[in-house]
Amino acid sequence: MFRLDQIDHVALTVQDVERSVAWYRDVLGLERRHQAAWGSHPAVMYAGSTGIALFPADAAPAPDARRTAIMRHLAFRVDRINFQRAQVDLASRHVAFTAEDHGISHSIYFQDPDGYEIEITTYDLD
């Protein structure tokens, strides 16, 4: 059996690639990489070694609603201090979020400019 190391990236279609690049950079602190090699798209934004590849929606084939899986959310893991900092920072940016206690973890949920649900979660409980 082969062994996987980690998720390399998640590909998302977005209405405006540069708007999404700015949002993921400014709100979540992700870093854009590979622009010299790939140009304007995909725009790949990284949190550590995990990437989000942003593709323009108008270049993507139209999905068949009967066969298309829906992504529920994209989750980032943080420690307790950064979980608290994320809430303060999002509130200062007027990004509305909801909080949930999952028993083994705490999470906040909010949306990116295209309506994708983003989760920030921590397993470091009080």
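The values are calculated or read from the model by the stated rules, or taken from the named source; none is laboratory data. Remember, it's a predicted structure, so these values are computed and weren't measured experimentally. For neighbour counting, all protein chains shown are included, and Cβ atoms are generated from backbone atoms with ideal geometry for every residue, glycine included. These accessible areas exclude ligands, DNA and RNA; they are computed on the full protein's heavy atoms, side chains included. Shrake-Rupley method; radii C 1.70, N 1.55, O 1.52, S 1.80 Å.
Let me know the whole percent of all Cα-Cα pairs from the chain that are separated by more than 26 Å.
Values: 2164 of 7875 pairs.
More than 26 Å apart: 27 percent of the Cα pairs in the chain.
Backbone geometry of the range 112-121 corresponds, through the Karplus equation with coefficients 6.51, -1.76 and 1.60 at θ = phi - 60°, to 3J(HN,Hα) couplings of 7, x, 9, x, 5, 7, 10, 10, 10, 10 Hz, x marking Gly and Pro.
Look at the alpha carbon pairs under 8 Å that are at least 6 residues apart: their mean separation over the length of the chain gives a relative contact order of 22 percent. When Lys and Arg each count +1 and Asp and Glu each count -1, what net charge do the other residues less than 14 Å away from SER92, Cβ to Cβ, add up to? My count for the surroundings of SER92 gives 0.
Taking all protein chains as they are arranged and a probe of 1.4 Å, the heavy atoms of ASP126 leave approximately 150 Å² accessible to solvent.
Springs join every pair of Cα atoms under 10 Å in this Gaussian network model of the chain, and among HIS73, HIS34, HIS102 the largest mean-square fluctuation is at HIS102. With the simple spin-label model, which puts each label point 7 Å out from Cα in the Cβ direction, the ALA37 to VAL10 separation comes to 2.2 nm. For the pair ASP58 and HIS102 in one chain, pulling the backbone fully straight at 0.36 nm per residue adds 12.1 nm over the alpha carbon distance.
Within the listed set VAL27, VAL17, VAL88, the residue fluctuating most in the Gaussian network model of the chain (springs between alpha-carbon atoms under 10 angstrom) is VAL88.
Computed over the chain with a Gaussian network model linking Cα atoms closer than 10 Å, the most mobile of GLY115, GLY51, GLY103 is GLY103. Length available on full extension from PHE2 to VAL88: 0.36 nm per residue minus the Cα-Cα distance, which gives 26.8 nm.
Of all DSSP bridge pairs formed entirely within the chain, close to 65 percent run antiparallel. A cut-off of 5 Å between modelled amide H atoms, ignoring neighbours fewer than 5 places along the same chain, links LEU30 with ARG25.
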